[in-house]
Amino acid sequence: MFPVTRFRTYLTSFHTSRRVSQLTVFVTLSERSFFLCLDQSKAMDLSKYITPLLAGQYPLGGAVLVAVVAFVLLMLIAPKDSIPVINKYPNDWFLSKAHMAFITNADGLIKQGFAKFNKPFRMITLLGDRIVLPADHFEWMRRHGPHLDHQPLVSKDFFAGYPGFDGTAAISDPSKLLANVIKKKLVQNPHVSKLHNNVRKDLLAAWPEQSDDWKAVDWAKDGVSLISRMSASVFVGEELSRDETWQQVSTNYGMTVFLAARALRAWPRLLRPIVQWFLPACKSCRAEVQRAREVLHKNLAKRAAEDKEHDDSISWFGEIAGGKSYDPVAAQLGMSMAAVVTTSELLKQTIIEICAHDLVAPLREEVEAVVAEHGWSPAALTNMRLLDSVIKETQRLNSAVIVNLDRQVLSPVTLPNGQYLPKGTAISIYMSQLRNPEVYDNPDTFDAYRYVKLRAQGGKWIYASSATSTSEDHFVFGIGKPICPGRFFAIAEVKTAIATILLDYDVRLAEGYKPKLMPFGFELFADPGVQLEVKRRS
């Protein structure tokens, strides 16, 4: 559990100013309140009167006026549908208790919701209201794919269009340029040999060369750095991937955006276009984008002067765009966001599980045999069956999110129980299927060989046991058109990194250390305080 005192410290560090006053309390007013204001035509008309106050000589008076209007509208136009709310509390006018419950105990709330209501329910989140559906709605969501979309939620939740959120804009671009580059170029050649060589270089630079003693390493930091540098070697080429400024930007940008988005969500929607200019995390986003532009523009100018071909995503974007205008810097930042944060979390947690369950020896034996036969190639990664199973089992028990298949309703739909969902409703499916005893034996136990054994059963498991596959029993990577297009490259990176580590190093958890996950709302993070020790093999 994430302690409240610890969260308050975290919130103070990354969200707003350290000022504590009634006004500060006000500005954490529910996003839901202001969504309601902005979603009503009459309420929209109020903005032309409110905006001058906010921009004029009396900003405090304007803020107070906004608070009063929002409070009245919340009382008058709150949703009257029949979907129950699990974290609605008496006298929680500004939803601070609801938000804290979501942040610290989202999984517990979801379990309570299904136990109490036995049907879909509403949860108040930092992202606004979200309808949580049970896992058996997987097929319903698949059938209604044309009426649902993931991209509008990405754009809204991560502030595409705000300065500094350029990477988000590239990811949610309706032209799907970034997704097409990944599908048509990146996954066709995962550059396994290049990934391996870069991992070795980075490990030798960061970890001990001597084989005598165990050394503690900062795995929380090193895991992110490895994935960032591996990705950059393919995305922007060897020269730029070794540029110190670019390394820092590609490593930090994704997490900086996530923190800035969290900071903005704590403010009423109407005030976000103003406060984003003052929030430290948003300033950091804009600074990272500026640094990226300076470095990449120099690289692009050099390439133009050299007039030679490059096999990296800088060239791929131009090729796939086919002469249409696009922002090459935003495109690269979007690639970095998509590649680094979630993939590094998977790498970090998988190494933790390998150490916690004494899997170094059998995995190393598999890697040695496969590499001896296939070299560092896609075929080698395909034949690392046990490693594949360990990665998928890690995802099953330690998924980065507890709900998935996030969708916004594009046109009205009806749930199986007859509940009407209007356009604009945000929905997600609870991932309880990952621990369903009807699908998995001993579902709460980590079994490294689980998917090796399931693959041997044949049938659907020949495909469904792969770490890159998705099904109703394991939909970490999504389904339908919004399915993660980069999952093949992500798994290739994780496999290559782990295989390289196991061949060159012994790894273990520090004596007495017990790994734990850090929950934050719908998200689960690998322990940032993980105590990992390594020793160079002779």
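Brief remarks follow.
- Residue check, Ala361 part of a helix (DSSP H, G or I), in the same structural domain as Phe488 (by TED's automatic domain parsing) and surrounded by fewer than 17 Cβ atoms within 10 Å (Cβ to Cβ): yes
- Contact map, region 206-231: residues that are modelled with pLDDT under 90 paired with residues that are in a loop (DSSP other than H, G, I, E, B) and not β-branched (Val, Ile, Thr), Cβ distance under 7 Å, separation 6+ or inter-chain. Pairs shown: Ser211/Arg537; Ser211/Ser538.
- Residue under evaluation Trp461, criteria (1) more than 26 Å from the chain's Cα centre (by Cα); (2) surrounded by fewer than 17 Cβ atoms within 10 Å (Cβ to Cβ); (3) modelled with pLDDT under 95; (4) closer than 15 Å to Ser389 by Cβ, criterion not met: (2)
- Test for Ala260: is it in contact with a Cys (Cβ under 6 Å, 6 or more places away or on another chain), surrounded by 15 or more Cβ atoms within 10 Å (Cβ to Cβ), among the hydrophobic types (A, V, I, L, M, F, W, C) and in a helix (DSSP H, G or I): yes
- Residue match in region 223-230 (condition: touching a strand residue (DSSP E or B) at 6+ places or on another chain (Cβ under 9 Å), among the aliphatic types (A, V, I, L, M) and assigned to a helix (DSSP H, G or I)): no
- Residue list for region 370-428, filter: in a helix (DSSP H, G or I) and of a type in the set (A, V, I, L, M, F, W, C): Val370, Val371, Ala372, Ala379, Ala380, Leu381, Leu386, Leu387, Val390, Ile391, Leu397
- Qualifying residue in region 121-133 (condition: more than 20 Å from Asp157 (Cα to Cα) and surrounded by fewer than 21 Cβ atoms within 10 Å (Cβ to Cβ)): no
- Enumeration of residues in region 200-213 that are assigned to a loop (DSSP other than H, G, I, E, B) and either loosely packed, with under 15 Cβ neighbours inside 10 Å or not assigned by TED's automatic domain parsing to the domain that holds Glu345 (or both): Glu209, Gln210, Ser211, Asp212, Asp213
- Of all residues in region 346-401 being of a type in the set (Ser, Thr, Tyr) and within 23 Å of the chain's Cα centre (by Cα), the one that is nearest to Lys221 (Cα to Cα): Thr350
- Filter result (touching a helix residue (DSSP H, G or I) at 6+ places or on another chain (Cβ under 9 Å) and buried (at least 20 other Cβ atoms within 10 Å of the Cβ)) within region 139-154: Leu148
The values are calculated or read from the model by the stated rules, or taken from the named source; none is laboratory data. Bear in mind the structure is a predicted one, so any value in this text is a computation, not a measurement. When we count neighbours, we look across all protein chains shown, and the Cβ atoms used for this are built from the backbone with ideal geometry, even at glycine.
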